[in-house]
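The values are calculated or read from the model by the stated rules, or taken from the named source; none is laboratory data. Since this is a predicted model, take the numbers as computed values, not measurements. Methodologically, a virtual Cβ is constructed for each residue, glycine included, from the backbone with ideal geometry; neighbour enumeration extends over all protein chains shown. SASA here: full protein model, heavy atoms, side chains in, ligands and nucleic acids out. Shrake-Rupley method; radii C 1.70, N 1.55, O 1.52, S 1.80 Å.
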Amino acid sequence: MLVAILVVLLIGGSTYFFFVVQASAAVTAPASLVVINQPISVNGNPGTPGQSLHAGDSVATGTSGHGAIDFPDGSYMRLAANTTVTVNSVRLQKTGDIQTIALTEKVGRTFTNVQHLVNGANFTVSGHGVTAAVRGTQFEILVRPDHTNRIWVFVGKVAVAGKTSVTMTAGQELDIDANGALGNVRGSTFDPSDPFPMAQQCANAASNGNTAGTSSASYGDPLGAGQSAENDYYSPGGKLTVSLCYPGSTMSITVTDPNGTKYSRQGSPPVTLTIPNGPPGLYRAVVTAVNVPSSGEAFSVAFATDAPCAADEIDNGTVVRETLSNSQISSALAESGSTGVSLYVSGTSPTSARLVYYSDIGGARLSWTIDFYAATPDLGAVITQVTFNGINVTTQVISTFTSYGSHSITTIPSGFIVDRVYSCTTATGDGLMVVEGHR
């Protein structure tokens, strides 16, 4: 995988030196479809895992469908059952940060987690007669079939604009009628069938004290008494924390580790179970509704590990963990005798990684910036900046990729299913890109 990336960076760019160039402030980028449960369709056709989503594409989940839309900066939107969302625009700044992301939620329920936005950037979700604009936050939107809306804010702030406008903060909810008239902001209350508050609660409980990039929260349809559901997690090894969240009746969770050892617990939510020094491999968590209302209750399960931010790799036939550190890159470039070339992991993120390339060979100054993220089952990769001798040629490069049948680089097959991508800084200050997945 890493060899493929380097080939694209070092060789692929050389064919674009002779294009007539012009500056470009932002670049259009694809989003990626995550399929949790079928049915999910894109523009009326069956959706496939990792499918690229472009402006105008509409994603719809069926009665038992669950999915997500992932963005190159690590932001994402989760879609509950019977939800339809249209992607209006995804544009990134030359640094790889969001410039503009705009979506329209036609009907259904979504939960959105937006990464930090830099000055001038905007992330908006429109319902019927209302638009929610956010600045690095977590929020939920319900659009009912009668075109009325409700918005909840979990983290940060959301500016809501209808016939009037208001700024909501964490712990608040707001109703909006079909004509865009805003109700009064009040403290949040939740429907027991709503999985997203539990998912957010569980993610916080599992990630506490663990490595942020390893966190994974899932949710399922409401369970009736005696019913069970399974949630899987591929761990790179180490301490594993599993949390079960539900509205408050009685549910139990049993986790089976790769060696077949079982760990069980039940109690008041969140139910948290810790497996110290767990081996790398597949962990199966089975949730059982012991005593719940006749209508059933929604639930969420979250996992996280204390995998260190270190350049250690795993491939045991089940779990794969690949890393790329700045010190490894520097050593490889030095051993190859390369001069005037740099390549490094820039910044940190729990949901993405950014590589920056620069070369000054024979007076030709070339630079690339690429965002990497989990476009499960593949590795998502989006070019956000290309410059030649200080002139931005991003638009021309991407247009040329498109003319050859590709929308820039969108996915890179890695030989395994990519579950997570994140970047961190080691104890010695070394930048590190981590890709975790399974076979």
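Which pairs do you get when a residue that is part of a loop (DSSP other than H, G, I, E, B), found in the range 269-287, comes within reach of a residue that is surrounded by fewer than 18 Cβ atoms within 10 Å (Cβ to Cβ) and among the small types (G, A, S), reach meaning Cβ atoms under 7 angstrom, with the pair 6+ apart or on two chains?
What qualifies is P269/G248.
Can you name every one of the strands (runs of 3 or more DSSP E) wholly within the range 317-429 that holds 3 or more residues which are modelled with pLDDT under 75?
378-388
For the range 301-311, check the following and say yes or no: at least one residue is of a type in the set (D, E, K, R) and either part of a strand (DSSP E or B) or out of contact with any helix residue (DSSP H, G or I) (no Cβ under 9 Å at 6 or more places or on another chain) (or both).
Within the range 301-311, none of the residues are of a type in the set (D, E, K, R) and either part of a strand (DSSP E or B) or out of contact with any helix residue (DSSP H, G or I) (no Cβ under 9 Å at 6 or more places or on another chain) (or both).
Select from the range 45-59 the residues that are surrounded by fewer than 19 Cβ atoms within 10 Å (Cβ to Cβ) and more than 16 Å from the chain's Cα centre (by Cα) and list them in ascending order.
Hits for the range 45-59 are N45, P46, T48, H54, A55, G56, S58.
Scan G213, G226 and give me the residue that is in contact with a strand residue (DSSP E or B) (Cβ under 7 Å, 6 or more places away or on another chain), touching a residue at least 40 places away in the same chain (Cβ under 8 Å), open to solvent by 40 Å² or more (accessible area, probe 1.4 Å) and over 21 Å from A80 (Cβ atoms).
Selected residue: G226, the only one of G213, G226 that is in contact with a strand residue (DSSP E or B) (Cβ under 7 Å, 6 or more places away or on another chain), touching a residue at least 40 places away in the same chain (Cβ under 8 Å), open to solvent by 40 Å² or more (accessible area, probe 1.4 Å) and over 21 Å from A80 (Cβ atoms).
Please find, among Y263, Y246, the residue that is at pLDDT 95 or above and either on the phi < 0 side of the Ramachandran plot or buried (at least 21 other Cβ atoms within 10 Å of the Cβ) (or both).
From the options Y263, Y246, the qualifying one is Y263.
I want to confirm something. Restricting to the range 249-260 and keeping residues that are surrounded by 16 or more Cβ atoms within 10 Å (Cβ to Cβ) and without any contact (Cβ under 8 Å) to a residue 40 or more places away in the chain, which single residue is nearest to A310 (Cα to Cα)?
D257
Residues L223, L174: which one is farther than 18 Å from V107 by Cα and of a type in the set (A, V, I, L, M, F, W, C)?
Every option except L223 fails the conditions.
Name the residues in the range 229-243 that are polar (S, T, N, Q) and either surrounded by fewer than 24 Cβ atoms within 10 Å (Cβ to Cβ) or at pLDDT below 95 (or both), would you?
N231, T241, listed by residue number.
Taking into account only those residues within the range 320-332 that are farther than 25 Å from Y76 by Cα and touching a strand residue (DSSP E or B) at 6+ places or on another chain (Cβ under 6 Å), which is most open to solvent (accessible area, probe 1.4 Å)?
Checked the range 320-332; the qualifying residue most open to solvent (accessible area, probe 1.4 Å) is N326.
Out of everything in the range 288-300 that is part of a strand (DSSP E or B) and hydroxyl-bearing (S, T, Y), what residue ends up being least open to solvent (accessible area, probe 1.4 Å)?
My answer is S300.
What do you reckon, is P308 exposed (fewer than 15 other Cβ atoms within 10 Å of the Cβ) and over 30 Å from T250 (Cβ atoms)?
Yes; evaluated as a whole, the condition is true for this residue.
Taking L174 as meeting all but one of (1) more than 20 Å from G127 (Cα to Cα); (2) modelled with pLDDT of 95 or more, write down the number of the exception.
(1)
Within the range 193-210, which residues are farther than 30 Å from P236 by Cα and either of a type in the set (V, I, T) or surrounded by fewer than 19 Cβ atoms within 10 Å (Cβ to Cβ) (or both)?
Result: S193, single match.
Considering only the range 130-145, how many residues are in contact with a helix residue (DSSP H, G or I) (Cβ under 7 Å, 6 or more places away or on another chain) and charged (D, E, K, R)?
1
Scan the strands (runs of 3 or more DSSP E) fully inside the range 76-187 and keep the ones with 2 or more residues being farther than 26 Å from S423 by Cβ, of a type in the set (K, R) and open to solvent by 20 Å² or more (accessible area, probe 1.4 Å).
Where strands (runs of 3 or more DSSP E) fall fully within the range 76-187 and carry at least 2 residues being farther than 26 Å from S423 by Cβ, of a type in the set (K, R) and open to solvent by 20 Å² or more (accessible area, probe 1.4 Å), they are 98-113.
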